[in-house]
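Read-outs throughout are calculated quantities, based only on the coordinates presented, and are distinct from any laboratory measurement. What you see is a predicted model; the values in this text were computed from it and never measured. Ideal geometry is used to build each Cβ from the backbone, glycine not excepted, and the neighbour counts take in all protein chains shown.
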Amino acid sequence: MKIKKIFAFALALVIAFSLCACGSEIENPEEPHSEPEVSVEESSGPEVPEEPETEPEPKEKIDPKSFMTFEEITALGCYPVWMKPYTVIIYDENGNPEIIEGGVLTEEDCAEDEMYSEIGFIHLDDKTFRIKPNTKVEYFKDGFIQNIYFLWPDGSYNLSPFSQTENAEITYYATIEDWKNENGENVVMNENQCHSVFWIFSGMNLLPESTSRPMDFPRYKITFTYVGTEYCICVDSDNIFTSTMLEGGNYVSAFEEDHFSEVEELFNAAK
């Protein structure tokens, strides 16, 4: 009986010690092992190594005096300086050419004449020789470029682009009294008539002489803008007078052409 009491007492101690050990473990659990924190700068992406700077490849130099085919010249955006004699080329609204008369030169053609290499086949730095849409180009009997013409709305080709002459008006003065009182009959030109003024102006702009000779009546006074510059020309049946077409002075010129009748016809058509 005494042994049972001792055994029971020992069992109670073992249980008590076991409970104490469990409680200790619950109160002080072992913290998990962790790596020390390290500060890392944020990155937007993987680093890309910088490429070494490279110089741009030099553009291929073009020798305008060396033979070039028609296609090569066109690809550079230029009118050919040389073609076969009497060649005529039409360029459409996109600048695409169509040879309607004559033809292209071959390298064999050019080998026979030093003029081709002396003058060159293209003028890269001259804006005049850059291809413009809706133009016609004609060549002389020796094959050298002659004229570049611009398409107008009426279907004709002219040396002047259609938009160069603007704000054209013609005033008719029957007598000197009308002139003094500014009592003239005025008409405004439409777009087509503006360019008719240009052709009259072109015919007048030849070899004027300085003089104080008065003009006669009836008289037409033409005012217009050409390439951004304003002009004023007066015309009677014998003379052309201007103080703005040329630099300073009073100029009167007589021509065989009857410019007075030209202006009169234009004036009546515009009324």
- In sequence order, calculated HN-Hα J values of the range 73-83 (Karplus, 6.51, -1.76, 1.60; Hz; x Gly/Pro): 5, 4, 4, 7, x, 10, 6, x, 6, 10, 9
- Query: Rounded to the nearest 0.05, what FRET efficiency do D113 and N158 have when you use their Cβ-Cβ distance and R0 = 45 Å?
  - Reply: 0.90
- Whose amide H sits under 5 Å from the amide H of Y139, counting only residues 5 or more places off or on another chain, with H placed in the peptide plane? Y86, T87, Q146
- Förster radius 35 Å - calculated FRET efficiency between T229 and T106, Cβ distance, rounded to 0.05: 0.20
- Query: Structure shown: which of K65/K141; K132/K271; K221/K271; K65/K127 lie over 24 Å apart, alpha-carbon to alpha-carbon?
  - Reply: K132/K271
- Query: Between I131 and residues 5 or more places away or on another chain, which pairs have amide H atoms under 5 Å apart, with H built 1.01 Å from N, and which residues are they?
  - Reply: C78, Y79
- Which whole-Hz couplings ³J(HN,Hα) result when phi for each residue of the range 177-189 is put into the Karplus expression 6.51 cos²θ - 1.76 cosθ + 1.60, θ = phi - 60°, listed in order with x for Gly and Pro? 5, 4, 5, 5, 8, 6, 9, x, 9, 10, 10, 9, 7
- Report, by chain and number, residues whose modeled amide H sits under 5 Å from the one on G95, excluding near sequence neighbours (fewer than 5 apart, same chain). N134
